[in-house]
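Below: one structure, written as structure tokens.
Where a number appears in this text, it was derived from the coordinates with a stated rule and is not lab data. Computed from a predicted structure; not experimentally measured. For neighbour counting, all protein chains shown are included, and Cβ atoms are generated from backbone atoms with ideal geometry for every residue, glycine included.
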Amino acid sequence: MKYNILVVDDEKNIREGLAKLLEMEGHRAVPAADGREALALLERGDVDLVVTDLKMPNLPGDELLRRALAAVPGLPVIILTGHGTIESAVQAMKQGAYDYLTKPVDMGRLTLLVARALSEWEVKRQYREALQELQKRSQFSNIIGKSDAMRRIFEVVQLVSASKASVLITGESGTGKEMIADAIHYNSDRKDKPLIKVHCAALSETLLESELFGHERGAFTGAVARKRGRFELAHRGTLFLDEIGEVSPGVQIKLLRVLQDKTFERVGGEETIEVDCRVIAATNRDLSQAIAQGQFREDLYYRLNVVNIHLPPLRERKEDIPLLISSFLTEFAEAAGKRLEGLDAKARAALYSYRWPGNVRELRNCLESAVVLSRSSLITLEDLPPHIRSDADKNYVKLSLGLSLAEAEAELIRAELLAQNGNKTRAAEVLGIGRKTLHRKIQEYGLEG
Ligand SMILES: Nc1ncnc2c1ncn2[C@@H]1O[C@H](COP(=O)(O)OP(=O)(O)OP(=O)(O)O)[C@@H](O)[C@H]1O
Ligand SMILES: [Mg+2]
């Protein structure tokens, strides 16, 4: 992605030198010779980062900083300062500048600083887009479910959204844990503030630590600039800790402290930082088992699990399947530009009886491919993935037209006996008849042996 960087300096050589460097890094540099010109460019609304000198005619750098942040909250502004004016750089930092560099500018350092600031900016941009997208929809209309279990979950989401309590969302993979976390945030009064997500299993212990808490310049090799952690980025908003069950003991202790007294230090730093952020965690692990095995701190568990939302697997709320099917079908048919009437009876029954180990995500993927593969306006068994189809075969009795009712009954009994491995008591139960009646029918239809 190409970012627009406003380069503000009254010295032509510096301005052009910086612009050239940033262009070489793949960005689009927009030069401005003084603060007023910069402000006019800012007002166009597509600037992603500002690099500005402090001492300039017309409008000084600190005033530009103030107005830039008022116009675009959170915009990263990097201050350039001459020797002897460090004081004013420090002042600028207090006003919300992203960082500062002394002149002559160390180009390597600037490049790194710009890259880091832009990646944080990108997180915020994605959040803003997601927010707009979500606000277009009503409440949690994107979460589908009408089973009692889901209705109860919607109620809890509504209730916890109004509070600041930590929430632990549990449930198998693909049950919609992240969707629930989104719903809580966007229904809370923090909805205009960031929702920051951290995938805890994806990072090594050291990386996760610096990702969560940030680090100071020089904290470790490669830490050339100060970096704000996700906790700081989530200030006044919500922090979503996904796969919390995978966090190492060292990071667990640090998390416990933030949850207890809302404070922490950046890696390699001494300043104690206070944050106000709501924590939502999710896991598909059984944490009580992890606690018993000594892999997860019990005290942390209680801090996270103030409210628990458990998403039952899809196979335990099959009433939701038809609604999910029709919603996904509409969505994918529209995307593929196909006119679809729905699924034929066999395909529908196959989706209903399948166990869905991958839950809603698997159902969604299954329908996406079925829509692509379908050749008529009805999705048939053949359009479904083979394992779902073959599962269905086992559960099916083929009844061709032309059979009498008695023949159909015989077919069903034969199949049920097969499915129950010849256990007549169980077969009779499923068929809803007495054992004696079953015996009589077996003899009558010659099904023995
Ligand atoms: N109730 C639902 N209604 C509509 N879509 C859903 C629902 N539940 C899950 N999905 C969809 O299923 C997919 C998986 O959901 P999500 O990422 O929230 O699951 P998860 O529980 O976080 O999974 P994992 O444990 O693998 O991270 C997403 O595409 C989501 O849109
Ligand atoms: Mg998830």
- Query: Residue separation times 0.36 nm, minus the C-alpha to C-alpha distance between LYS164 and SER119: what's the value?
  - Reply: 13.4 nm
- What are the trypsin sites (Lys or Arg not before Pro) within segment 23-95 that DSSP puts in a loop, where the Cβ has at most 12 other Cβ atoms within 10 Å? ARG44
- Distance from segment 145-163 to segment 84-114 (C-alpha centre basis), Å: 47 Å
- Query: Can you list the HN-Hα couplings for segment 321-329, worked out from phi with the Karplus curve (6.51, -1.76, 1.60; θ = phi - 60°), rounded to whole Hz and with x for Gly and Pro?
  - Reply: 4, x, 5, 5, 4, 5, 5, 5, 4
- Once phi is turned into ³J(HN,Hα) by the Karplus curve 6.51 cos²θ - 1.76 cosθ + 1.60 with θ = phi - 60°, what whole-Hz value does each residue of segment 411-419 show in order, with x for glycine and proline? 4, 5, 5, 4, 5, 5, 4, 4, 4
- For the chain, what is the relative contact order in percent, using Cα pairs closer than 8 Å and at least 6 residues apart in sequence? 11 percent
- Would you calculate a helix-derived [θ] at 222 nm for the chain, using -39,500 (n - 2.57) for each DSSP H run of n ≥ 4 and dividing by the full residue count, to the nearest 500? -15000 deg cm²/dmol
- Message: Could you give the length gained by full extension between PHE154 and LYS12, i.e. 0.36 nm per residue of separation minus their alpha carbon distance, to one decimal place?
- Response: 45.2 nm
- Query: Based on the mean of other beta carbon atoms within 10 Å per residue, what is the order of 162-170, 223-231, 423-431, most packed first?
  - Reply: 223-231, 162-170, 423-431
- Ordered by number, the GluC sites (Glu not before Pro) in segment 193-270 that occupy a DSSP loop and have at most 13 other Cβ atoms within 10 Å are GLU270
- Along principal axes, largest first, the alpha-carbon spread of the chain in whole Å comes out as 105, 51, 38
- Angle between the Cα long axis of helix 148-161 and the longest principal axis of the chain, 0 to 90 degrees, nearest 10? 20 degrees
- Query: Taking the Cβ-Cβ separation of LYS318 and ALA33 as r and a Förster radius of 60 Å, what is the calculated FRET efficiency to the nearest 0.05?
  - Reply: 0.35
- Message: Can you tell me which lysines have their Cα less than 23 Å from the Cα of LYS146? Leave out same-chain residues fewer than eight positions away.
- Response: LYS136, LYS177, LYS318
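What Kirkwood radius, in Å to one decimal, follows from the Cα pairs of segment 20-83?
12.1 Å
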- Item | Whole-angstrom gap from segment 258-297 to segment 346-361, using each part's C-alpha centre | 37 Å
- Task: Please give the contour-minus-distance gain from GLN252 to ALA406: 0.36 nm per residue of separation, less the Cα-Cα distance, rounded to one decimal in nm.
- Result: 48.9 nm
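Just add up the charged neighbours of LEU256: K/R +1, D/E -1, any other residue whose Cβ is under 15 Å from the Cβ of LEU256.
Within the 15 Å Cβ shell, the charges total 0.
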- Message: What are the extents of the Cα atoms of segment 234-308 along their three principal axes, in Å, largest first?
- Response: 36, 24, 17
- Message: Net charge within 9 Å of LYS164 by Cβ-Cβ distance, Lys/Arg positive one each and Asp/Glu negative one each, not counting LYS164 itself?
- Response: +1
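Report, in debye and to the nearest 20, how large the dipole of the chain comes out about its Cα centre when Lys and Arg carry +1 and Asp and Glu carry -1 on their Cβ.
Values: 63 positive and 65 negative charges, 200 e Å.
It comes to approximately 960 debye.
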- Dipole-positive endmost among LEU343, LEU381, ALA427 within segment 342-449 (Cβ charges, Cα centre): ALA427
- Item | segment 316-394 - percent relative contact order, Cα under 8 Å, separation 6 or more | 37 percent
- Item | Placed amide H near GLY171: partners under 5 Å, 5+ positions off or other chain | THR283, LEU311
